[in-house]
Structures are given as structure tokens and as C-alpha cells.
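Structure first, then comments.
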Amino acid sequence: MPELPEVETTVRGLARFLEGERIARVAVHRPDLRRPFPPDLVQVLTGARVTTLGRRAKYGLIHTDRDRTMVFHLGMSGRWRIEPATIEKHDHLVIETGPGHVLALNDARRFGSVDLVPTDLLDTWGPFAALGPEPLGEGLTPQHLKRAFEGRIAPVKQLLLDQTIVAGLGNIYVCEALFRAKIRPDKEAGRVTLPALARLVPAIRAVLTESILAGGSTIRDYAQPSGELGYFAASGNVYGREGEACGCGGAVTRFVQGGRSTFWCPKCQK
Ligand SMILES: [Zn+2]
């Protein structure tokens, strides 16, 4: 499933082809993904100029000069194909820019979505209204987490996956950030100290930023005819490494927490 770093990398890759360009042609090849395509999508985007691109949580934002933003989510299997040699079965939305670049949104499992939202109403749009601060933005501070965790007995890992507390954090990155901050994932959130949270915030930023940089290093490939923007394999210190040695001399352990695998080192995470 594409996580925040992959969405960020996708947005940066798309920006190279879209930013400042006029959209010459839009084709929608089926009525829906997770939900129907907006009925006026082709009409609104055709002839519009893309002003900037952005990201909110795991959503990509394509802002246009028509006061509307195309918001896309990659769901489980979504990816953008850049300059595809041929249009394939799962290329559900195809955009052609003025200079003749072709971008296809491909989504075999169709858990993704495309919406058109008035740009000035994005903050209050349904899926965005309750989102917590961006993990890479200024709103995420140790004090914010301290307030959000106050009195909560739920495990800290579970609350970090709560999108109303921090937006867009997935399982892999929460495991890795807790490992770096030396916080045990099953610790009661309300008992995590401010100094520990002061380690956690930069740890969250670091794991995301490193992953974005790793994905960004492959951006140049996206300009190839078969280029794709979407999934790249994340690597970490604990995630997927059950039984391997930790630098502290302990061993990486896995347990199931809230239906998802948690990887951690019981020796150095307290
Ligand atoms: Zn360890």
C-alpha cells in the first residue's frame, strides 16, 4: 500500500510534468474507483492550468487555475504511469498536457479515489476535516502529542496510527520511529514522557524524510517510457526483521497489535 513517502514522491514526480502546464485532454475510462469519478471532472480539467501540486496525509493534490483541486488517493494499488507506451486495462484516468506528456492513473484494485474540491474549502472537505497535523509540518510538536495522549491508556503505537492525532502515518513508519526514539510500542500513551516525545517527533520526521529521499533517488527513472510513480519498497531497522539482531545486542521481536504486526526491540525500547 502506498504510504506517505510514496505519495510525496509521486507528487514531486508528477509536478515535473504538470506544474504550470495546461491540461489538453482528459479521458476517464470507467465510472468509478472506490467511489464515482466526479461527473464534471473532464469538463473542469480540460483546458485548466495546473498551478501547483501538494499533499495532505496520503492524498495528492493537483491545484488548478479554476479554483478547484483534483485530490487523488492511491488506495492499495494505485500508481501514476508516466508517458506509457500503450494505455493499459487499469489506466482509469489519462491526462495529456499541452506539451504532449501523457500521465495515466492506474489502479488494478480500485481502492483509490479521485475528487474535485473547491481549493479554498480543502481544509474542511470531509476526509480532511478531522485530520491531525502533518508529520513533516510545524504542527507536529512534542507538546501536541503530549496533549493528544493526555490520560490515554491506549498503546502509543495505536494512537500514532490515529489520523486525527497525526495525519498520514502508516504502520511501517510508526514502528521505525518508535524504535529510533527508544519507546516501547505497547506503552500507555498517557505515560510517555515529554522528553521521550521530544525524541519521537524528530524520529518520525527522519524516517519519513529518509524514505522520501530514497524514493526520490528513483525519480529520474520516472521519465522513462515505462516510468511509474507509486510503490517503492521501504527498508527499516526493525520492520520485517523479526529474529534479527538489534545494534544493542537484543533481538527484533514481532507481535500483533490492533490487527497489525508490530516490530520492536524489547531490550532498547522502554
Ligand atoms: Zn535494541
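Points worth noting:
- Förster radius 22 Å - calculated FRET efficiency between residue 15 and residue 111, Cβ distance, rounded to 0.05: 0.35
- Whole-angstrom gap from the range 139-155 to the range 30-66, using each part's C-alpha centre: 34 Å
- Lys-Lys pairs in the chain that are eight or more residues apart or on separate chains and whose Cα atoms lie under 12 Å of each other come to 4.
- Ranking 143, 116, 257 by how far each Cα lies toward the positive end of the dipole of the chain (charges on Cβ) leaves 257 at the top.
- Ranked by how many other beta carbons lie within 10 Å on average, peptides 173-184, 92-103 from highest: 173-184, 92-103
- For the chain, a Kirkwood radius taken over Cα pairs fed into Stokes-Einstein (25 °C, viscosity 0.890 mPa s) yields D = 125 µm²/s.
- Against the rule of thumb 2.2 N^0.38 Å, how large the Cα Rg of the range 97-170 comes out: 1.52
- For the pair residue 193 and residue 153, the difference between a 0.36 nm per residue extended length and the Cα-Cα distance amounts to 13.0 nm.
- Projecting label points 7 angstrom from Cα along Cα→Cβ for residue 27 and residue 255 puts them 5.4 nm apart.
- Rounded to 0.05, the FRET efficiency of the residue 34 and residue 182 pair, given R0 = 41 Å and the Cβ-Cβ distance, is 0.60.
- Local charge for residue 184 was computed over the other residues whose Cβ lies under 12 Å away, with Lys and Arg +1 and Asp and Glu -1, and equals +4.
- The order of the peptides 50-56, 249-255 by mean Cβ neighbours within 10 Å, most packed first, is 50-56, 249-255.
- Relative contact order for the range 78-157: 22 percent, from Cα pairs under 8 Å spaced at least 6 residues apart, divided by residue count.
Quick note: the coordinates plus some simple rules give every number you see, no bench work behind them. Being a predicted model, the structure only gives us computed values, none of them experimental. Quick reminder, even Gly has a Cβ in these numbers, built from the backbone with ideal geometry, and neighbours come from all protein chains shown.
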